[in-house]
Every structure is written in C-alpha cells, then in structure tokens.
1. Treat each spin label as a single point 7 Å out from the Cα along the C-beta direction, and report the D283 to I103 distance in nm.
2. What's the center-to-center distance, using Cα atoms, between the range 475-526 and the range 389-461 in Å?
3. Residues in the range 290-323 near a label at V338, defined as backbone nitrogen under 15 Å from the 7 Å Cα→Cβ point?
4. FRET efficiency for T205 and T604, Cβ-Cβ distance as r, R0 = 45 Å, nearest 0.05?
5. Charges at C-beta only: +1 for Lys and Arg, -1 for Asp and Glu. How large is the resulting dipole of the range 10-106 about its Cα centre, in Debye rounded to 20?
6. Compute, for the range 247-334, the length of the dipole vector about the Cα centre, with Cβ point charges of +1 (Lys, Arg) and -1 (Asp, Glu) only. Units Debye, rounded to 20.
7. Taking the Cα atoms of the range 21-166, report the difference between the largest and smallest coordinate on each principal axis, in whole Å and largest first.
8. Using amide H atoms built 1.01 Å from N in the peptide plane, name the residues 5+ places from T316, or on other chains, whose amide H lies under 5 Å from its own.
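Just so it is clear, none of the values below were taken in a lab; they were calculated from the coordinates. As the structure is a computational prediction, the values presented were derived from the model and not from experiment. Note: ideal-geometry Cβ built from the backbone for every residue, glycine included; neighbour counts use all protein chains shown.
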Amino acid sequence: MDDKQQPARFEDLKDDDQKRLRLRVAHLLEAESGFRSGSRHWAQEGEPRPEYDPERTTLTERRLAKVAELKALHPDDARQLGLGQISERTLQRWSAAWPEQGIMGLADGRLTPVLRGHHKITLQVAEAIHAVHAECLHRSRVGMKTKERMIHQFVLEKSGTEAEKKIPHYTTLSKVWKEWFGPESGRQRYLRSAAAVDTGGSSVTITRPGQVVVLDTTPFPVKLSDDVFGEPVTAALTLGMDAFTHSLVAFRLTPGSDSSIEVAMLLRDVMLPLPMRPDWTPDMEWHYPGVPAALVTEFAGHPVAGRPFFAPETVTSDHGSVYKNHHLVQVARTLGTVVLPARAMRPQDKAACERAFLGIQSLLLEILLGYRGQDVADRGVDPEGDAVWTVDEMEHLLATWIVKIWQNRRLDQYAPAWDPGGRHSPNTLFATAAARDGISLQIPDASLYHHLLPAHSVKIHGRRGVKIGGLWYGGDHPVLGELSLFPSPRSGRHRGKWVVHRDPRDCRQVFIELAGQWHPLPWNGLPTGDDVLAFSDARVQQVLREAARAGLAPRDDTELLPVLIDLIGARSPVGSWPSQMTKAERAERAREVARARAAERDRTAPAGLTSLPVAPRPAELVRQNQQAVDAERRRRREAAVGAPLVSPPRLGDGLREHSLFTLPDDESVQPVREGPQ
C-alpha cells in the first residue's frame, strides 16, 4: 500500500453499504458461532437454528449450510444484498480478517473504491493546471476542452514531449479541475472577483451572546397589501441574528427598499426588551434563568417577551449601500459597536443568517397567500391578486412566529461545539450563557432614538431658524431665539454650528439637544392648528423640484405648503384620487405612510421605558461594551495561566532593600539643605 494512502473506515461507507456490511457480519457470526450476535448471551428468538447449533454441528458444516442458504436466495436479492458470490472460501477469508481488521475486514473493493486519476497528476501537469486556471480568469469564459488544449500546450513548451505524454485523459482533468477550483458555474466576472479576494487566515471564535450580530436584507417573498389603497406592494425584510444562539433578536419589514435609518432602528431594537402583545400567551413571556420575569418586568416597565436583548459588540453585514454610509458609521460610534463587513464574495461569513431566511420561507411564508416563489418561472398565476396580508398584519405574524416557534425550535446543524449531540434551541443556548455569565439588564432610555438619527451641523439664521434638506425649521421657537443671541461654542470643522437631528422618514420636525433635553423644532411651513400628513425626504426633494419648475421663489416655507399638499393629497385634490394616480405613485405614497408610522412608533417609547432604574447614555454604552470586552480578555488570560499573577513590588521598596545605607527604625530622614553649614 502506498504510504500516502489511508485505510478505509466504516464511516466512509454510505448508509446502504453500512447496512450490507452489518448483514455480512451477522451471517459470518452465525456460521462461526451459531448466533447472529456472536454470543449465546445475546441470542435472538429461535437461535440457534438446527443447522447452526454449535452443540450438534462442526464449523465446516455450518459454513456449508450458510453457503447453501445464501445460494437459495433469488439472484437479484442476493446481488442487492452483496451476497451473490459467497463460497466456503469467502467465509474462511472473512473469518481470518475479522479478528484483526474488524468489520472493515469484510468490505471488498467494491464498497471502498480508490479514487482514480490523482496519482497520474505529475508536478509538470499540476503546474500547467494552475497556470491555465490563472490565464482563464484573465480571459473570457472558455470550455473545458479549450482548457485541456492549453494544458497540453503549456506542458509541451515548458517540459517537452515526454512530459506531455504523462498528461491524463480529459475526464481525469475535468474531475481534478472541479475538485481543485470548484464547479465554476457562475459568471466569469463573478469568478474573477471571488478569486481576487484574499480570504485571510484569521477566524472569530464566538463564545457569548451579543459578541457578533449578523445583519442582512432580502426581498420579502410574499406580496403584501398596503394600508392606504389596498394595492399589492413588495417589501424588504431585514433580520438581525445573534451568531452564538441563532436568535432572531430583531427584524424590520419595510415596504419597498430599506434605508440606513431602518438599520439604525433595528440595532436599537436589539438593545430593547420586546413588549408582550395583547394576544400573546403566557408561555411566550420572559422565562430565562437567573433573572425572574417579575424583576425584568419591573425593570423594563412592561411585560417582556421571551426574546434575548443585549448591546451588540460586533455587527457583521454585507456590502449593501444601507450598511456602508456615513450614517451607519455614526450609529456604530454612538452605540460603541464595531462594524465588521463580511468578506467580498464570501457568503459563508453570514451563512447562518442566509439559512434563517430559507427557514422562515419554508416553515411559514410558503403556506401564506401571496407567496411569489423563488423565481419568476416558479411564480403562481396571480400572486398579486392573492395579497391579503397587510404590512402591519405580517409584522405581527412574524413577531409571533419568531417568539413562539423559532426561539424554541431545535437547532440540528447548529449545535454548539461543547455538546454536538444535544438538543438545543436559541432559547436554551441563551439560557446556558445566562447561567454561565449572567444577564446585563442595561436598557437605554428613550432618547437613544434621537441620538441614532442622522445629524446635521447648521447655523441659526435669526427668525428663519435652521435650514436642513432645503426646508426651514423652528422659525419662532423660543429655544432658537435664545441660541441666536450667543454664538455656538463648537470649534473645529463645524465651528460656530449647532447639531440638529432629523428623521428622514418624517420631515415635519427636527430635534436639537440642549443640556440633556431634546426639543422638537417644527417645519415653518406647517399651518397653525391644522395637521399635515407625514412626508419623507424624498418628498421634500420632489416638492423643491416642482416649485423650481413652476418658477416659484418662496420667501417663506408657507408658500411651499400648497405644492406639498398637491403632491401628498392631504386635502384630496383630483390628482390624489386613487383612480387618477399611477400604480407607482400609489406604491410610493403607501411606502411613505408606512415609514411615517414606523417613525412614530420609534419615537413613542413603550410604557415605563422613560423611567428606568438605570438608563445609560450613548457614551456610557460605549464604556460598557469596552468593559465587557476587557473582562472577557481578562478571563481568558487568567484561564490560560494556572498560577495567580502576583504584582511586582513597588520601585521604592526594591531600592530600599538594595541600598548601601540604611537608617535606624526610629530615625527619620531630614531634608538636605544646600549652602554652608
């Protein structure tokens, strides 16, 4: 046997081959001892049979009886069981191999064939294969026949005719190419991009909840009905998954496409306890060990559902535009979270979150009306006509399913390394981590919503207020009136400016923080005593374009109000009738209303959240995350060093011990005076 070849193992066999091999062992043991188990202590019913009774027959007689029994089988049955060519010599060979090789001594070459072709790959051929692979990535896509010709050309020009004769057949080259470089079934530019990325050699070991939270967004595979016109709309589902427990700690369902503000609010949802809803059953309440549910309820100010919440330390996401912008960098800095983008063209960095999308689809979404399928070719006759679920109803259904089903569902392929054969769910894994390390009940206060909004550095222009996104805010607000009398103490890049935060989903007001208090600044164009529907930043840009197209140069934002009303249909003009609007306009308006409702829910804190026993501010959240990381590193250092670390003596003590001059115990040191005595 070649020194590089390893012996075959029982685990290498397929399930059917393992069953055949166990059947061979049973026949062999019955011929050797008279019992299929090999011992009279584990005799089955009816054993030993008369022709195999060790008290009445010899070993040769039992072997001949076994050969006759197997030959009496139908040829097809015997061939299917792998016992079609059994003779007395075969039983003798099995008996000799059984004591030394065990069950694999009964396996012939048909069950464990040697993989052919690899021993024919010489160093010259291997060099040619790698060179042709690099060349094919540079060129346009070519077939395997062309690659074979290029391999022959490379070996012939580099090593000569004799080396070319050792090139294996086309089928062997195809198998080796597929094994070394994969199937390469994707597009050429994607293969080129994937090969150009350095995968790196470092890995992250996840040991606790909140250490890594994976974010990803996918088109929602169910057509929904909007809450305004009842039209079918497409939504985007954004998930936040804890990589340690595989808990779905937060999700957002956004009509149309999501933006960075939805991702920021999703990270806020990870840190907040999920309130119980009226129709949820008691088994969905908080039940993790270590912290009683009554204590968590008192601390949060409302009954808490059984879903983990914590401050994320690291966030992993793909390279979408909503995850790579200045706003998300600001959010990560505010929360003290490290944003770790996944490697390009490496979906395995967030494979668990991708698998969660498929799990939600197969377990829940496929049975709902309006399901669109994975592809256009798999789509039903009229999924838009089957759209009966509204956005709010689907959000409630997903929240109920996650808390009740997903958090208690067994994780088969994601069992922890310390108990691979155990039965674990996201809730049991979080309970184990809570019993080991405890639970941090640091809940941020309601002002975190304002801190996570996009910040704008602006100046105060007297009675007009501040200008953000083309609109003026806080014209006659008393807070801005006081600030306009004094210059801003801010220096540096934004010298003399004030920081104002705005929610791009609802541009009717902005927020400014002064002495720890947040003050809303309304839009100057809002009419007094009249309510105007919410509008987003995209609608603001549309209003400004319409005003410019009409030749309107407004001296005040109140002149923009009629243009805004005509666009959003706040007073039902003819153009805002559903029959007079296009499908795209109705979908855009429904998305704007849904985002405005989400902004209002985010501004409104749950009951009791404004009066928390401990309400850390963003700077304190950064400090807490840093302390958690330092504590984990200290624990690992202490676990790696067996003996406790002893601090060295002070420098002064060491100098006194080695000093040439010592003073008596009752003598004190007098100060030295310069000059004549």
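1. About 3.8 nm separates the two model spin labels.
2. 34
3. Zone members listed by number: 312-317.
4. Between T205 and T604 the formula returns 0.70.
5. Working: 16 positive and 18 negative charges, 42 e Å.
With Lys and Arg at +1 and Asp and Glu at -1, about 200 debye.
6. Numbers: 6 positive and 9 negative charges, 55 e Å.
Roughly 260 debye, rounded to the nearest 20.
7. 76, 28, 26
8. V213, V214, L215, L340
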